[in-house]
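S.K.: There's a structure below that I have some questions on.
Any read-out appearing in this document is the output of simple, stated calculations on the displayed coordinates, not a laboratory observation. What you see is a predicted model; the values in this text were computed from it and never measured. Every residue, glycine as well, gets a Cβ built from its backbone with ideal geometry; the counts of neighbours run over all protein chains shown.
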Amino acid sequence: MRISGGLAKGRQTAAKRLLSKASGEERLRPTSSKVREALFDIIKNKIDGSSFVDLYAGTGTVGLEALSRGAAKVFLVEPNGLRIGAIKKNVEEFGFHNKALLVKCRADEFLRKAIDKREHFDIFFLDPPYHSEEIMNTLPLLGEKDLLNKDGIVIAEHYVKKKLPETAGKLRIHKSYRYGDTMLTLYRSKDEG
């Protein structure tokens, strides 16, 4: 997989190694380059200088792309040690070590710790396994607590047949985008219309 824009455009990530070593439930389904480009086109006016959370980092390509395109700080959340090691290698090779924070834990653990610390972020990207219930478990945590900065967004990548809730606490669907079997659903705070 290659970074498609910004400072690291064209750089190869370590995804190939991770994909060949995964099996069964551990198998990764990285965000395709087409969907990744669409994602960053959707958030292009928000990415520069943002705090970006790649909540299900996997290969780390989306988080690395966010750094390449101008995010000030990216949190790459991933419980798998092998994946964290590969992401760390890319972070160092790309020169992003001052802007990337690798967090080895599950998404819900990261969110609970952030809630306890009263942390706030600009963009959350959720891309859990398509046929899991992770999004349904994560959205309520994001919607019930004030984890988003003013004008912050949550964007979820999911299988087109998975219906996401119209609202989740303080969040409401703003818009959905379809790319083949993939949907990107954008949530904003209800207060921001």
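S.K.: Cross-link candidates for Lys190: which aspartates and glutamates have Cα within less than 14 Å, leaving aside residues fewer than 8 places away along the same chain?
M.R.: Answer for Lys190, where 14 Å is the Cα cut-off: Glu144, Asp146, Asp151, Glu166, listed by chain and number.
S.K.: What number, in percent, do you get for the relative contact order of the stretch 62-193 if the mean sequence gap of Cα pairs under 8 Å and at least 6 apart is divided by its residue count?
M.R.: Numbers: 193 pairs, mean separation 23.8, N = 132.
Relative contact order for the stretch 62-193 comes out at 18 percent.
S.K.: Hey, another quick one. Starting from a Cα-only point model with no solvent, please compute log10 I(q)/I(0) by Debye for the stretch 30-192 at q = 0.11, 0.12, 0.14, 0.15 1/Å.
M.R.: Here log10 of I(q) over I(0) equals -0.39, -0.46, -0.65, -0.75.
S.K.: Quick one: if the Förster radius is 30 Å, what FRET efficiency do Met136 and Asp191 give, using the C-beta to C-beta distance and rounding to 0.05? Let's see the in-between values first.
M.R.: Working: r = 23 Å, r/R0 = 0.77.
Between Met136 and Asp191 the formula returns 0.85.
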